[in-house]
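Contents: one structure, followed by commentary.
The values are calculated or read from the model by the stated rules, or taken from the named source; none is laboratory data. These numbers come from a predicted model, not from an experiment. Cβ coordinates were reconstructed from backbone atoms using ideal geometry, including for glycine residues, and neighbour counts include every protein chain displayed. The protein model used for the area step is the full one, side chains on, heavy atoms only, and it has no ligands, DNA or RNA in it. Shrake-Rupley method; radii C 1.70, N 1.55, O 1.52, S 1.80 Å.
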Amino acid sequence: QVRLVESGGGLVQPGGSLRLSCAASGLTLDYRAIGWFRQAPGRVREWVLCISSSGGITNYADSVKGRFSISRDDAKNTVYLQMNSLKPDDTAVYYCATTFRNPLGAACPPDRHIYRYENWGQGTQVTVSS
């Protein structure tokens, strides 16, 4: 059974930090690019950032550049989202997702469309409020 499980969300004050984890089972993360998305109530799912299968290329939404970072540990089959300097606008459910596995290497999809991603987690709630 393929599963992605996000964890680490919670309530933090503006300016605070959180680290989200995405643990995979039933599949390996190697040769897959990993993306993070977020969705607030009444809003569409928004692409946040992505890391290539090699870990050598990362892409960030303008809204999170300089504040968020993504990393991966394929030995642990886990990807991380480090969030610093959090703002109330960051409040959302955060999802991790994988692209299809490509032994030649998987790049972050340039169009950032959700349908370029094969597997999704259930999401973890992040609330930024004073």
When the residues of the range 77-88 are filtered to those that are open to solvent by 10 Å² or more (accessible area, probe 1.4 Å), touching a strand residue (DSSP E or B) at 6+ places or on another chain (Cβ under 8 Å) and not aromatic (Phe, Trp, Tyr), which remaining residue is nearest to TRP36 (Cα to Cα)?
-> GLN82
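Taking the range 72-86 as the search range and keeping residues that are closer than 12 Å to LEU29 by Cβ and in a strand (DSSP E or B), which one is farthest from the chain's Cα centre (by Cα)?
Across the range 72-86, the extreme among qualifying residues is ASP73.
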What's the number of the condition LEU49 fails, among (1) more than 26 Å from GLN1 (Cβ to Cβ); (2) touching a residue at least 12 places away in the same chain (Cβ under 8 Å); (3) open to solvent by 60 Å² or more (accessible area, probe 1.4 Å); (4) not polar (S, T, N, Q)?
-> (3)
Exactly one of (1) over 23 Å from VAL2 (Cβ atoms); (2) in contact (Cβ under 8 Å) with a residue 40 or more places away in the chain; (3) open to solvent by 70 Å² or more (accessible area, probe 1.4 Å) is unmet by THR91. Its number?
-> (3)
Output yes when any residue across the range 74-82 is of a type in the set (Asp, Glu) and either at pLDDT below 95 or touching a helix residue (DSSP H, G or I) at 6+ places or on another chain (Cβ under 9 Å) (or both), and no when none is.
-> yes
Is there any pair linking a residue in the range 2-27 that is more than 15 Å from LEU81 (Cα to Cα) to one that is in a strand (DSSP E or B) and open to solvent by 60 Å² or more (accessible area, probe 1.4 Å), with Cβ under 6 Å and at least six apart or on different chains, and which?
-> SER25/ARG3; GLY26/ARG3
GLY105 fails exactly one of the following numbered conditions: (1) at positive phi; (2) crowded, with 19+ Cβ neighbours inside 10 Å. What is the number of that condition?
-> (2)
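Buried (at least 22 other Cβ atoms within 10 Å of the Cβ) and among the charged types (D, E, K, R), is that true of ARG32?
In short, yes.
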With the checklist (1) farther than 22 Å from ARG3 by Cβ; (2) open to solvent by 20 Å² or more (accessible area, probe 1.4 Å) in hand, flag the one item ALA23 doesn't pass.
-> (1)
